[in-house]
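Student: To start, I am sharing the structure in question, which I have written as structure tokens.
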Amino acid sequence: MAHIVCTVSNCYFNKREGCTAPELDVDGEHADESRFTCCDTFIEQKPGVRSSLSEPKSNTSISCRATHCVYNEDEMCEADRIVVNGKNAGNPEETCCSTFMPPEFK
Ligand code: SF4
């Protein structure tokens, strides 16, 4: 469970650089750097469509397929806080989890 800081301001779930998604899916099965990870929960906010009405949470459950990350425990993220980046992303692949840390930093 983690607090999420997210700069993907055009995501349906983004509010004040926080994430309102009930839970998060991070992808990056073969990632050895953060740029090869992505937030699979991203949904592009369409103009004129109302964004999520929920408030950001501080304890979002995060499933994560980036198993080479030091924070990954049985495909769940064990970090207290993660940072997701990807300004103006048009699809999940244009976002990334910047908290990804390869095993050599353990
Ligand atoms: S890109 Fe991911 S972390 Fe950021 S607000 Fe959207 S769902 Fe949440």
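Every number here is computed from the coordinates shown, using simple stated rules; none is lab data. Everything numeric here is computed off the predicted structure, so don't read it as measured data. Positions of Cβ are generated from backbone atoms using ideal geometry, with glycine treated the same way; all protein chains shown enter the neighbour counts.
Student: Which value, in debye to the nearest 20, gives the size of the charge dipole of the range 20-75 about its Cα centre, when Lys and Arg are +1 and Asp and Glu are -1 at the Cβ?
Tutor: The dipole magnitude comes to about 420 debye.
Student: Within the range 2-67, list the GluC sites (Glu not before Pro) lying in a DSSP loop whose Cβ has at most 16 other Cβ atoms in a 10 Å radius.
Tutor: Glu17, Glu29, Glu33
Student: Just for the Cα atoms in the range 3-105, what are the lengths along the principal axes, largest first, rounded to whole Å?
Tutor: Projected onto the principal axes, the Cα atoms of the range 3-105 cover 44, 25, 17 Å.
Student: Please state the charge dipole magnitude for the chain, taken about the Cα centre, from unit charges on C-beta atoms (+1 on K and R, -1 on D and E), reported in debye and rounded to the nearest 20.
Tutor: Here the size comes out at about 640 debye.
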